[in-house]
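The values are calculated or read from the model by the stated rules, or taken from the named source; none is laboratory data. If you're wondering where the values come from, they're calculated on a predicted model, not measured in any experiment. Here the Cβ is made from the backbone with ideal geometry for all residues, glycine too, and neighbour counts use every protein chain on show. When the accessible area is computed, the model is the full protein with side chains, heavy atoms only, and any ligands, DNA or RNA have been set aside. Shrake-Rupley method; radii C 1.70, N 1.55, O 1.52, S 1.80 Å.
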Amino acid sequence: MSTPRQRSHHGCWTCKSRRRKCDRTRPNCQSCIQRGLQCEGYEVRLRWGAGIASRGRYTGAEEPIEASVPPRPKGRRRDLSRERRRTQQEVAYIADVGKTRTTASPPCSNTYDASTNFSSDLSPLTSPEARQRSEEDEVLFQKFLTSGVNTLHSTTTDDPASLLGAQLPTLSQQSDALYFICLALQVSISDDIGPRFFEYYDAALNHFRSELAHSASYLPDGTLAAGLLLCSVGVLRGTPWTMHLRGMYSIIQLQGFRNLQSETSTFRTHLFEVMGVMDLPTFTIGRRNACLGFWRNHCRERKEPTAINSEIGHDVEVVSGLPRSLLDIFSCIGTREAKEEEFWNWPGAQGTLLQCQLWEAYRSAGILALRHRRLHRFDDMVVSQPENPQEKALRKRALPTTEVLVLRIFSNLDAIFRAAKEPEGAGTLLLNAVFYPLTIASLESHIINERPFLKALIKGWGDNLHDPPGNERLLQILSEILEEWWMSDPEQTSIHELAYVRGLEIALY
């Protein structure tokens, strides 16, 4: 009976790999020399080839350090659980942007806890100092200042009220997050989403998380602007972005708005208004987080323009392209203050002929939004008392029908698109603002389906949405969802669910 062979763990690396007995002679074993082989020695190895490590946290790693651990293949329960947790963080947004995922994200809570400490879980993914600015970055940043920034406004390219472009060079020196998100935005509107975009976006997100962690009680202008531009990336791509609003709002609340109002500069007021526009009810489809009531609670109290500054367009908010008095009415949707008569009786504002066309489209869309109950994303609507039947009948006679409002909106938008083709419309940015009235009117599927020429108009308008760049992707997303909406039963389907199951969060401002 033969004796079982005992496996040795102390031989040279050559003998162990060939499964031969080693005599352990140093520095080179005699067994290798007699066979004419090169002895690989006995020293401890801290590096292995890919696939050598088969168990533990370094499975499949090329070296025993955290950075070398490859992503595990999806499918196992622990990996799926980890993926579900990741989608609740900003990091999942990067994957959403690149892959335009069509799977639903985990549902988010409809309630908002003001005591949530958003900065407590903001450890950077990598060291923020790992990405330095280069000459190529600076060229791209200057391009954003001259052209890319126009994607964010809805007035004109030379509007003096557009404060962001003038402030960016200074603020980007204070906030690396702001600098790199500007680069990511410029790449996203000029190139296909690829490695360069992810490089800039990852650097911006890392710096933003780091800056938030060090701004637990106060948001500097640069960091606040960076957060709003992070939202803008999601707006242009149709991917989730309201979690950034929610996080910044928690920090602003810690500081207290009363304290902030005593030291608010003109630019900071502008940033707060931008945040208020992003948060407006019914202005987002597939929204993950409930509205914060930002404009209604913090932007409606403002100083009236002086006689010197009361020129045409002075009271227009530049990102939405809408008069602030009209935004006041939109901010009340979901409360007892919001009534169709408020939109219908809005006195208007001074503006160019094209601006007046846009504002009329929004006014009609506001009335439709109030009538379209399933448009409201969350069940937090304050239901008013039942109307007296006589008063209700009188109101219906005074206000136009839904069909008339839809046709008015399409008429207003058609005038804007036609004028944008003319030389006089070269400097207008109003096409950035057409998505809300276009979508709200298109939700009246029975009217759209009965009039094929309206669908043809929408398709033709898509050819104009290329200057300023960045709108093509949003129009494509909206077109796909609206096509499905027109074929569905509006009583059994929600427009928000159509976006939600695709992992989309679509801003319409």
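Residue count for region 199-214 under the criterion of being small (G, A, S), open to solvent by 20 Å² or more (accessible area, probe 1.4 Å) and at pLDDT 85 or above: the result is 1. Within the option set I409, I481, I477, I506, being in contact with an Asp or Glu (Cβ under 9 Å, 6 or more places away or on another chain) and of a type in the set (A, V, I, L, M, F, W, C) holds for one residue only, I409. If you check L407, L327 for being among the hydrophobic types (A, V, I, L, M, F, W, C), modelled with pLDDT of 95 or more and open to solvent by 40 Å² or more (accessible area, probe 1.4 Å), only one passes: L407.
Residues that are outside any helix (DSSP H, G or I), among the small types (G, A, S) and in contact (Cβ under 8 Å) with a residue 60 or more places away in the chain within region 159-193 comprise A161, S162, listed in sequence order. Open to solvent by 10 Å² or more (accessible area, probe 1.4 Å), modelled with pLDDT of 80 or more, charged (D, E, K, R) and within 27 Å of G234 (Cα to Cα) - does that describe any residue in region 306-319? No, region 306-319 contains no residue that is open to solvent by 10 Å² or more (accessible area, probe 1.4 Å), modelled with pLDDT of 80 or more, charged (D, E, K, R) and within 27 Å of G234 (Cα to Cα).
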